[in-house]
Amino acid sequence: MSDETEKLGDRELLRLLLGDRSGRWDEALGARGGLRGLEELAENELREIPGLGPDRARRLRAAFEIARRLPLRRRPRRPRLRSSREVFELVHLDLRRLDREVFEVLDLDARNALCARRRVSMGTLTGSLVQPREVFRGAVLGRAAAVVVVHNHPSGDPSPSREDLEVTRRLVAAGRLIGIPLLDHVVVGDGCYVSLADRGLMDAPDGTGAAPREARASEEDR
């Protein structure tokens, strides 16, 4: 994403960084081959530039050192969520022991890698608490390709309620409208979960459909 600093020239960037609007950096840049030339100078050499001084020389060296380190820092690997099991493993330790319902959104990129995890409501899951605009606002701003939603049942039983199915239906419709699909709604219990996508309940109009089978994790998976 671009910002105003990208439009600044080298001289303006130096003035912004070093807090000087006098234009004295024009000569320094020209005499030493621009920013690349300055970057090659040691701190004691920078101090010799008229008007720079120890504090600004140190600040400039710090900026160059940050620029040097950035390409060496790899971004943390983002988990790819390709199944309800992987979603459950990501969130269940945080959610299963809570004494109130918490509703979270997982923003995914085109490869199903996690871009962001957002908590949008706390309390009993109702249509008034979980609004599509709150669920999808961050996904739109973050340019997510898809979302998964999760919430917990403090009772420990992850069987989806009628309200769970109604909220899911509304979110599926909203996602289709804006072009960011809701891939799954995972309900987390105590060491177990139900995936509405796995159970074919993403478009269920109400809670009268077939009850989902218990999706308790096997002893091997725990």
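Some points to look at:
- Checked against (1) in a loop (DSSP other than H, G, I, E, B); (2) crowded, with 16+ Cβ neighbours inside 10 Å, Asp203 passes all but a single condition, namely (2).
- For the stretch 24-44, the set of residues classified as at pLDDT 70 or above and more than 18 Å from Glu65 (Cα to Cα) consists of Arg32, Gly33, listed by residue number.
- The set of residues from the stretch 76-124 being surrounded by fewer than 13 Cβ atoms within 10 Å (Cβ to Cβ) and either at positive phi or touching a Cys at 6+ places or on another chain (Cβ under 7 Å) (or both) comprises just one member, Gly123.
- Screening Asp55, Asp99, Asp94 for residues that are under 30 Å from Pro158 (Cβ atoms), in a helix (DSSP H, G or I) and either modelled with pLDDT under 80 or out of contact with any strand residue (DSSP E or B) (no Cβ under 7 Å at 6 or more places or on another chain) (or both) leaves exactly one candidate, Asp94.
- Filter pass, Pro50 being in contact with a Lys or Arg (Cβ under 8 Å, 6 or more places away or on another chain) and either among the small types (Gly, Ala, Ser) or modelled with pLDDT under 85 (or both): yes
- Only one of Arg111, Arg119, Arg169, Arg137 that is free of Cβ contacts under 8 Å to residues at least 40 places away in the same chain, in a strand (DSSP E or B) and either of a type in the set (Lys, Arg) or over 21 Å from Leu81 (Cβ atoms) (or both): Arg119
- Exactly one residue out of Arg137, Arg133, Arg169 is surrounded by fewer than 16 Cβ atoms within 10 Å (Cβ to Cβ) and over 23 Å from Arg111 (Cβ atoms): that is Arg133.
- Residue match in the stretch 122-132 (condition: farther than 20 Å from Phe88 by Cα, at pLDDT 90 or above and in a helix (DSSP H, G or I)): yes
The values are calculated or read from the model by the stated rules, or taken from the named source; none is laboratory data. Keep in mind that this is a model prediction, so the values were computed, not measured. Cβ atoms come from the backbone with ideal geometry, glycine included; neighbour counts cover every protein chain shown.
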